[in-house]
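Engineer: What follows is a structure written as structure tokens; I'll ask about it next.
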Amino acid sequence: MVTAEVAGRARASGAAMLLGGALSNQLGAATAALAFPVLGPAGVVAVRQWVAAAVLLAAGRPRLRTFTAAQWRPVLGLAAVFATMNLALYAAIDRIGLGLAMTLEFLGPLAIALAGSRRRVDLACALAAAAAVGVLTRPEPSTDYAGIAMALLAAGCWACYILLNRTVGRRLPGVQGSAAAAGASGLVYLPVGVFAFLHHPPSAGALVAALTAGVLSSAVPFLVDLLALRRVPARLFGAFMSVQPVLAALVGLVVLDQRLDAVAWVAVGVIVAANAVAVLRRVG
């Protein structure tokens, strides 16, 4: 019989894991940015996709020969979305910084959390998030609209990623579908990586940074999430996901010296709060 004390310890360790996984993800993105001047975003994404493919294929061990056409369709869709999402996000980080890029990308899961809801609280969350986005993207002489567009593309891809993951999870057991998608995405990035490396000859330091980014942003969060979900309820998992933009802004400040003004910090906080409220009400 599990005592309240044991359950409490499990939740505490699970929460610590989630926080560590989220921090690892943002440190990975910051480390990737350090390699952009040498490899470019496409080259760094290629390395990240290869690391993700190696980790997920080893963990999921998908039986590819047994997949049916109905199973392959969402898997390949997931692979395309996965590849596009990471490239768009890294291109956005390169142009507008880690904190702003991650905050805008977070609109994807927020849209999924609010989709179809008619509750007043959710409507208020949507309006608050929309106002915050307006503040973050307000026209200024230095506004990088291409970078903002890349971040919003990543947000759309993240929303599609969530929906496709549900379909893949229903049609394939365990993480076989996700592993197969990661493998397919890694194959797609083989010519992309070769092309990027030919045009941007990699240095040893840049390769190490790209590989480290792949481990921190792919391998560590994947394994941490698997372990943490056994210890914490879904609502706590969703709430911890909401802190990602704040962690991104903090890591961007400390590691990359990317600073947000006070108004932008408030807007980030509004989006984080809107997502937390939407998630907690949905799974509560």
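The values are calculated or read from the model by the stated rules, or taken from the named source; none is laboratory data. Note that this is a predicted model, so its numbers are computed, not measured. Here the Cβ positions follow ideal geometry from the backbone for every residue, glycine too, while neighbour counts run over all protein chains shown.
Engineer: Does segment 210-220 contain at least one residue that is out of contact with any Phe, Trp or Tyr (no Cβ under 7 Å at 6 or more places or on another chain), surrounded by 22 or more Cβ atoms within 10 Å (Cβ to Cβ), at pLDDT 85 or above and hydroxyl-bearing (Ser, Thr, Tyr)?
Structural biologist: Among the residues of segment 210-220, at least one is out of contact with any Phe, Trp or Tyr (no Cβ under 7 Å at 6 or more places or on another chain), surrounded by 22 or more Cβ atoms within 10 Å (Cβ to Cβ), at pLDDT 85 or above and hydroxyl-bearing (Ser, Thr, Tyr), which makes the answer yes.
Engineer: Right, another one. For segment 143-171, give me the residue count where each residue is within 17 Å of Arg73 (Cβ to Cβ) and free of Cβ contacts under 8 Å to residues at least 24 places away in the same chain.
Structural biologist: 3
Engineer: Could you count how many residues in segment 161-183 are surrounded by fewer than 20 Cβ atoms within 10 Å (Cβ to Cβ) and within 12 Å of Leu64 (Cβ to Cβ)?
Structural biologist: Result for segment 161-183: 0.
Engineer: Consider segment 68-116. How many of its residues are touching a residue at least 12 places away in the same chain (Cβ under 8 Å) and either touching an Asp or Glu at 6+ places or on another chain (Cβ under 7 Å) or not in a helix (DSSP H, G or I) (or both)?
Structural biologist: Of the residues in that region, 6 qualify.
Engineer: Taking segment 135-149 as the region of interest, how many residues are under 21 Å from Ala88 (Cβ atoms) and part of a helix (DSSP H, G or I)?
Structural biologist: The qualifying residues number 6.
Engineer: Then there's this: Among the numbered criteria (1) at pLDDT 90 or above; (2) part of a helix (DSSP H, G or I); (3) closer than 30 Å to Pro173 by Cα, which single criterion is violated by Leu152?
Structural biologist: In the conditions (1) at pLDDT 90 or above; (2) part of a helix (DSSP H, G or I); (3) closer than 30 Å to Pro173 by Cα, Leu152 misses (3) alone.
Engineer: Please go through (1) surrounded by 15 or more Cβ atoms within 10 Å (Cβ to Cβ); (2) touching a residue at least 40 places away in the same chain (Cβ under 8 Å) for His199 and return the number of the only condition it doesn't satisfy.
Structural biologist: Going through the list (1) surrounded by 15 or more Cβ atoms within 10 Å (Cβ to Cβ); (2) touching a residue at least 40 places away in the same chain (Cβ under 8 Å), His199 breaks only (1).
Engineer: In this structure, is Cys125 buried (at least 22 other Cβ atoms within 10 Å of the Cβ), of a type outside the set (Phe, Trp, Tyr), in contact (Cβ under 8 Å) with a residue 12 or more places away in the chain and in a helix (DSSP H, G or I)?
Structural biologist: Numbers: buried (at least 22 other Cβ atoms within 10 Å of the Cβ): yes; of a type outside the set (Phe, Trp, Tyr): yes; in contact (Cβ under 8 Å) with a residue 12 or more places away in the chain: yes; in a helix (DSSP H, G or I): yes.
Yes.
Engineer: Another question, then. Please determine whether any residue of segment 103-119 is among the aromatic types (Phe, Trp, Tyr) and under 17 Å from Val279 (Cβ atoms).
Structural biologist: Of all residues in segment 103-119, those among the aromatic types (Phe, Trp, Tyr) come to 106.
Retained after the next criterion (residues that are under 17 Å from Val279 (Cβ atoms)): 106.
Within segment 103-119, one or more residues are among the aromatic types (Phe, Trp, Tyr) and under 17 Å from Val279 (Cβ atoms).
Engineer: Separate question: What is the number of the single condition among (1) crowded, with 24+ Cβ neighbours inside 10 Å; (2) over 16 Å from the mean Cα position of the chain (by Cα); (3) not acidic (Asp, Glu) that Thr68 does not meet?
Structural biologist: The single condition Thr68 does not satisfy is (1).
Engineer: Please state which of the following conditions Ala181 fails to meet, knowing it meets all the rest: (1) modelled with pLDDT of 90 or more; (2) under 30 Å from Leu227 (Cα atoms); (3) within 14 Å of the chain's Cα centre (by Cα).
Structural biologist: The number of the failed condition is (3).
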